[in-house]
């Protein structure tokens, strides 16, 4: 068999109780799994009859990359609107958050540059760094003293220094200390890059993200906002200067060598930007559920998170998976996050709260977990 050599690695995953497989969502279960924080998808907010009629006349394919046949007025209009909303000079749309991080971090840092990134950064950040010619070091998660130490040791180099973090971390749900990080970047003349994927739509009075909530937009070299989570669509944007945008158009391989998002998709992105800033009650409901969840007691360790991403640590892949399966049998769609996606001993149930969840559901979850 031509694929027999693949079996060894798959068998190792099976023995670690870490083999991944695709599963259909539990349609009749309580959703505590998806990234649909504001209910944009669940409540069909982008698909009114009027919207469906309008979209019937939009192109469903873009026919090529942006540099060939795939550029069009609507996508350039979207970039201008998104840049204005996020108080940035310019914006460049990518096909996904993964593409955006990969394209930004593989293209901008050069040989002799240094990238210092949070140890819990998303795989897309790490993969972008891996494709870069720059040197790289991680700093301990949200540890300002360790970050300063790494900055101090990197300042003697000839190149630029980049500090990369997420504003809301996708597995722990905690916030980066962005004010202090911006201060350190200013002190060491480093460039701050912030991935706002899980803050977009959720953090700030209009869902603008943590950077703008803290008035740090001018302190950032680049920001990444994604549309596939709270915004209920697909794609992502890199925000920064006009020169950064021009540079990415010329050197970012995940932008240059891919078919552009079609007009149909971009119209939904713009539709989301018309809606989510006004979902104030949904953000209030989320905040209430976070407070309720944090007030409850579980027999397992509960992560300290002030965002919709919550976690209950159940060490060991088999134990975490068994707990998730028990909850799924009880009509709660909750998934286990296993090693190697998280450090060994920190395997967990990743619980995502939504504006449409209820206090009663959260209390029932506590009862099921004991």
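The values are calculated or read from the model by the stated rules, or taken from the named source; none is laboratory data. Keep in mind that this is a model prediction, so the values were computed, not measured. Glycine also receives a Cβ, built like all others from the backbone with ideal geometry; neighbour counts cover every protein chain displayed.
Say whether the condition of being over 24 Å from residue 173 (Cα atoms), in the same structural domain as residue 208 (by TED's automatic domain parsing) and touching a strand residue (DSSP E or B) at 6+ places or on another chain (Cβ under 8 Å) is met by at least one residue in the range 46-65.
Scanning the range 46-65, I find no residue that is over 24 Å from residue 173 (Cα atoms), in the same structural domain as residue 208 (by TED's automatic domain parsing) and touching a strand residue (DSSP E or B) at 6+ places or on another chain (Cβ under 8 Å), so the answer is no.
Name the helices (runs of 4 or more DSSP H) wholly inside the range 54-134 in which the number of residues that are without any contact (Cβ under 8 Å) to a residue 60 or more places away in the chain, touching a helix residue (DSSP H, G or I) at 6+ places or on another chain (Cβ under 8 Å) and more than 21 Å from residue 216 (Cβ to Cβ) is 3 or more.
Qualifying helices (runs of 4 or more DSSP H): 123-131.
What are the pairs, 6+ residues apart or on separate chains, where a residue within the range 9-21 that is within 18 Å of residue 325 (Cα to Cα) has its Cβ under 7 Å from a residue that is not in a loop (DSSP other than H, G, I, E, B)?
16/317; 17/317; 17/318; 17/321; 18/317; 19/10; 19/13
Name every residue in the range 162-204 that is at positive phi and in contact (Cβ under 8 Å) with a residue 24 or more places away in the chain, in order of residue number.
173, 189, 201 - these are the residues of the range 162-204 that are at positive phi and in contact (Cβ under 8 Å) with a residue 24 or more places away in the chain.
Looking at (1) assigned to a strand (DSSP E or B); (2) out of contact with any strand residue (DSSP E or B) (no Cβ under 7 Å at 6 or more places or on another chain), which one does residue 325 not meet, given that it meets all the others?
Single failed check for residue 325: (1).
Within the range 324-359, track down each residue that is more than 23 Å from the chain's Cα centre (by Cα) and either surrounded by fewer than 20 Cβ atoms within 10 Å (Cβ to Cβ) or in the same structural domain as residue 169 (by TED's automatic domain parsing) (or both).
The answer is 325, 326, 328, 329, 330, 331, 345, 358, 359.
Being at pLDDT 95 or above and touching a strand residue (DSSP E or B) at 6+ places or on another chain (Cβ under 6 Å) is the requirement here; does residue 351 meet it?
yes
Checking the structure you have, find out if any residue of the range 85-94 is in the same structural domain as residue 194 (by TED's automatic domain parsing) and at positive phi.
Taking every residue of the range 85-94 in turn, at least one turns out to be in the same structural domain as residue 194 (by TED's automatic domain parsing) and at positive phi.
Please state which one of 118, 99 is assigned by TED's automatic domain parsing to the domain that holds residue 176, farther than 25 Å from residue 144 by Cα, under 15 Å from the mean Cα position of the chain (by Cα) and crowded, with 18+ Cβ neighbours inside 10 Å.
Only one candidate qualifies: 99.
List pairs: first in the range 324-343 and at positive phi, second surrounded by 14 or more Cβ atoms within 10 Å (Cβ to Cβ) and assigned to a loop (DSSP other than H, G, I, E, B), Cβ under 7 Å, 6+ apart or cross-chain?
331/29
Could you say whether any residue in the range 296-315 is surrounded by 15 or more Cβ atoms within 10 Å (Cβ to Cβ) and part of a helix (DSSP H, G or I)?
no
Search the range 241-271 for residues being within 20 Å of the chain's Cα centre (by Cα) and assigned to a loop (DSSP other than H, G, I, E, B), and hand back the single one that is nearest to residue 82 (Cα to Cα).
Result: 261.
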